[in-house]
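S.K.: Quick one: the structure is below, questions incoming.
The values are calculated or read from the model by the stated rules, or taken from the named source; none is laboratory data. What you see is a predicted model; the values in this text were computed from it and never measured. Reconstructed Cβ throughout: ideal geometry from the backbone, glycine too, with neighbour counts over all protein chains shown. Please note that ligands, DNA and RNA were not included when accessible areas were found on the heavy atoms of the full protein model with its side chains. Shrake-Rupley method; radii C 1.70, N 1.55, O 1.52, S 1.80 Å.
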Amino acid sequence: MKILAIETSCDDTGISILEASGDKNPNFCVLSNTIASQIKVHQKYGGVYPMMAKREHQRNLLPALIKALEESKLLKISNPKPQNLKFNQSQKLKTLNFILEREPELFKKLLLFFKKYEKPDIDLISITNGPGLEPCLWAGVNFAKALSYFWDIPIVPVNHIESHILVNFLDKPVDLSTGPAIALVVSGGHTQIILIKKIGSYKILGETRDDAAGECFDKCAKILGLGYPGGPIISNLAKKSALGPTSPKLPRPMINTKDYDFSFSGLKTAVLYSWQKIKKDPVFHSSEKNAQQQTIANMAGEIQQAIIDVLIKKTIKAAKDYNAKTIILGGGVSANTELRRQFLKNFENVIFPKPELSTDNGLMTAITGYFDRKKKVAPRKVATIKANANLRIGQ
Ligand code: KG4
Ligand code: ZN
């Protein structure tokens, strides 16, 4: 079966087409993985503004769909001539207009697209309906609903956190027959430790009580004036760090608590105070540019290590407590090479996606749609699908 997936939970517009075959041991063939990144737009503001991100999704969705269909060789001009759709009289147009009530520009462009191109050979549409930024989720959900309804293709709503986990099954299935797995999903919006007994059976064991790990990277980078997104910037700078007795020391919040929860907002505040102190220090001011840069690199190294220490300690504790044989990483922060290296050093079987599949993308949504295909909704029932910014895995 061919799955068209749409992912707009945050600031990446992801559209992918995945071909899946086999049932018990599925084989996946990636036909397209198109991502329209908004980093340049949000860099200017040092973070993601949901309404701005939504507008970008509205702009990016159709070009990304065309690109994905083209790459998959599924884009065909209507033959022999463009369909003569009597839209203004049809009930179909009215319903489509209703689905895209809040996306008038997209509605106009989609009409032209539907007139120009044939219905593609797609069996299922998979759409992220939460958790995420509500306006962004709605842009993708409305678009997917319009495609499902107009092309008469079933649609399945999928959970974004589950997608960060299941993207790890793309190359080969994770063995859950010998015991449960523990997933650590670490992104800009979430930090959760999840017990997985089988695909579809999840329990959140712990999560952040305030900021997510990725959010902490981003906010610390902002404090240090390093730009957005903070994770990759801090990670690159940290490679130049030389941590020693004189380099900055930061707290490891909640590292010794007996639960599986996290808290990162105190770490960010500690970075703020520490950085303010360094900036006031005459020694820092009078030192050479190179030495100043080394101080910042050391700070980056210590921020990264503080986050890694807490993530590893809590996740491995959960794996031991639940007798899990595998730890599965997912989410943007799991692209961090040092986090991966230290996990591998401390636990026997750790699985993570390719770095470009750690951050948001459409493929994660496509594979989850495949595993969740029994939850598909008929095209005439698309109205039942809603975005849910606070959707929880395992409920
Ligand atoms: O999963 P994701 O793409 O979007 C959300 O669902 O939030 O994660 C984005 C987050 C950002 O906070 C970004 O700074 C962080 O992932 N990130 C990283 C790295 N690459 C992205 N954090 C640490 N190290 C990285 N290499
Ligand atoms: Zn994500």
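S.K.: Among residues belonging to region 152-163 that are more than 21 Å from the chain's Cα centre (by Cα) and open to solvent by 10 Å² or more (accessible area, probe 1.4 Å), point out the one that is farthest from residue 332 (Cα to Cα).
M.R.: So, considering only residues that are more than 21 Å from the chain's Cα centre (by Cα) and open to solvent by 10 Å² or more (accessible area, probe 1.4 Å), the one farthest from residue 332 (Cα to Cα) is 152.
S.K.: Which residue pairs have Cβ atoms under 7 Å apart, sit 6 or more places apart or on different chains, and have a first residue in region 235-257 that is within 23 Å of residue 290 (Cα to Cα) and open to solvent by less than 60 Å² (accessible area, probe 1.4 Å) and a second that is part of a loop (DSSP other than H, G, I, E, B) and within 16 Å of ligand 2 (Cβ to nearest atom)?
M.R.: 235/336
S.K.: A follow-up question, please. Anything in region 362-382 that is aromatic (Phe, Trp, Tyr) and surrounded by fewer than 20 Cβ atoms within 10 Å (Cβ to Cβ)? List them, or say none.
M.R.: Matches in region 362-382: 371 only.
S.K.: Just to be sure I understand the filter: pairs with C-beta atoms under 8 Å, separated by 6 or more residues or on different chains, first member in region 354-383 and within 16 Å of ligand 1 (Cβ to nearest atom), second member charged (D, E, K, R) and at pLDDT 95 or above. Which pairs pass?
M.R.: 360/7; 361/7; 362/7; 364/7; 365/7; 368/162
S.K.: I would also like to ask the following. In region 164-190, which residues are more than 10 Å from ligand 1 (Cβ to nearest atom) and either open to solvent by less than 10 Å² (accessible area, probe 1.4 Å) or in a strand (DSSP E or B) (or both)?
M.R.: 165, 166, 167, 181, 182, 183, 184 - these are the residues of region 164-190 that are more than 10 Å from ligand 1 (Cβ to nearest atom) and either open to solvent by less than 10 Å² (accessible area, probe 1.4 Å) or in a strand (DSSP E or B) (or both).
S.K.: Can you tell me which residue among 94, 108, 145, 67 is open to solvent by less than 80 Å² (accessible area, probe 1.4 Å), part of a helix (DSSP H, G or I) and basic (Lys, Arg)?
M.R.: Step by step, each of 94, 108, 145, 67 is checked, and only 145 is open to solvent by less than 80 Å² (accessible area, probe 1.4 Å), part of a helix (DSSP H, G or I) and basic (Lys, Arg).
S.K.: Exactly one of (1) within 26 Å of residue 377 (Cα to Cα); (2) more than 24 Å from the chain's Cα centre (by Cα) is unmet by residue 79. Its number?
M.R.: For residue 79, the exception is condition (1).
S.K.: Here is a check on your reading of the model: is residue 266 of a type outside the set (Lys, Arg), open to solvent by less than 30 Å² (accessible area, probe 1.4 Å) and at pLDDT 95 or above?
M.R.: no
S.K.: Quick one: is residue 371 assigned by TED's automatic domain parsing to the domain that holds residue 230, hydrophobic (A, V, I, L, M, F, W, C) and within 18 Å of residue 185 (Cβ to Cβ)?
M.R.: It is false that residue 371 is assigned by TED's automatic domain parsing to the domain that holds residue 230, hydrophobic (A, V, I, L, M, F, W, C) and within 18 Å of residue 185 (Cβ to Cβ).
S.K.: Still on this structure, I have one more. Restricting region 8-44 to residues that are touching a helix residue (DSSP H, G or I) at 6+ places or on another chain (Cβ under 8 Å) and assigned to a loop (DSSP other than H, G, I, E, B), which is surrounded by the most Cβ atoms within 10 Å (Cβ to Cβ)?
M.R.: Among them, the one singled out is 8.
S.K.: Next question. Sort through 351, 385 and tell me the only one that's touching a strand residue (DSSP E or B) at 6+ places or on another chain (Cβ under 9 Å), among the aliphatic types (A, V, I, L, M) and open to solvent by less than 10 Å² (accessible area, probe 1.4 Å).
M.R.: The conditions single out 385.
S.K.: Taking region 127-142 as the search range and keeping residues that are within 15 Å of ligand 2 (Cβ to nearest atom) and either modelled with pLDDT under 95 or polar (S, T, N, Q) (or both), which one is surrounded by the fewest Cβ atoms within 10 Å (Cβ to Cβ)?
M.R.: Only one residue fits best here, namely 129.
S.K.: If you scan region 11-38, which residues turn out to be within 16 Å of ligand 2 (Cβ to nearest atom) and either at pLDDT 95 or above or assigned by TED's automatic domain parsing to the domain that holds residue 187 (or both)?
M.R.: Within region 11-38, 13, 14, 15, 16, 33 qualify.
S.K.: Given the criteria within 17 Å of residue 140 (Cβ to Cβ), open to solvent by 20 Å² or more (accessible area, probe 1.4 Å) and either within 16 Å of ligand 2 (Cβ to nearest atom) or modelled with pLDDT under 95 (or both), does residue 359 qualify?
M.R.: Against the criterion (within 17 Å of residue 140 (Cβ to Cβ), open to solvent by 20 Å² or more (accessible area, probe 1.4 Å) and either within 16 Å of ligand 2 (Cβ to nearest atom) or modelled with pLDDT under 95 (or both)), residue 359 qualifies.
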